[in-house]
Amino acid sequence: MEISYLNALRFGLKRIFFGGFFIRGHAYTMDAISFAIHFCNVQIQNITSRAPAESPYTSGIVPVKAFNRSFNYNQGKYSLLLFDSSQYVCIENSNISTGHDAIVLKSGWDQYGISYGKPTSSVHISNVYLQSSSGAGLALGSEMSGGIHDIFAEKLHILNSPIGIELKTTRGRGGYMKGILISDAELENICLGISMTGFSGFHPDDEYNTSAFPVVGSITFKNVIGANIGVAGNFSGFVESPFSTICLSNATFFVSSEASPSWFCSNVVGFSEEVFPEPCTDLQSSDSKFSFSCFSSLYPQLSNVSAFLDHHPQEL
């Protein structure tokens, strides 16, 4: 096991590299220190984690490069588990409340992530209760330079948060986010229901390539309901690299204020059906290929992540 401090980036953060077993069973952390964990082939179940609302940049679960190990830690000031560049991860039946993003998927930072080239992929998230004081319940990015693909998140319950679901990146990241299905999500008391933005995050140094635009597409949001929502969605891509094949199906947001627009869109192309309030025209493509691309397969292979882990047990 290796533990190292990254005080230059986030105070109180410890980075841990594990190999050999799973986080399974019951664990509870309260006001725990912040961790970065690198994982592959891991199943996380029945986790309850709390961080103080005033603790910024403490994210709940963030899959990071690792290899089959588990731990339980309960001391220190902040929370939590931070994970990046991980494969075959299952997160289920858990309750996360934190100062920043509750569950985050990442995969490398600018030219360093591009060079390392290890994506986050084959992740299944199911039946989780999420709350954030300053971020999103479920987030992807903004560090995603190694790529993020084949993600299936379902049965999400996100409460009392600034943002419900967020995919975020920025110029210079490179990489991609694609093959992502988010289904059966309940949002309540959320300022911004769904956010996809190309203008989030900073850079580790000045060596990044300003022409390295992320490719974002093949993203589906299905069976989403929101109560007391400030703005239903904000989709802001790049002029140089618009977000494409963004799909919304059977989504209803009960917006708290009729005075402000329910949707904001720029440099995005997508398809929608049975969505209320009516989304931006950018998300109302009449091209039949969008409907086929969005809803024909719905990435059924992603539901096999749990089965894969069940047949590769390495519990303590």
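Every read-out reported here was derived from the displayed coordinates using simple, explicitly stated rules and does not represent laboratory data. No experiment lies behind these values; they were computed from the predicted model shown. Don't worry about glycine lacking a Cβ; one is built from the backbone with ideal geometry, like all the others, and counts go over all protein chains shown.
Some notes on this structure:
- Zero-based 5 Å bins, Cα pair distances in the stretch 96-179, whole percents: 4, 17, 24, 21, 18, 12, 4, 0
- Beta bridges by DSSP in the stretch 170-253, antiparallel share as percent, to the nearest 5: 5
- The tail of the calculated P(r) for the stretch 101-302, taken as Cα-Cα distances beyond 22 Å, holds 44 percent of the pairs.
- Estimated dipole of the stretch 101-302 in Debye, rounded to 20 [Cβ of Lys and Arg +1, of Asp and Glu -1, Cα centre]: 320
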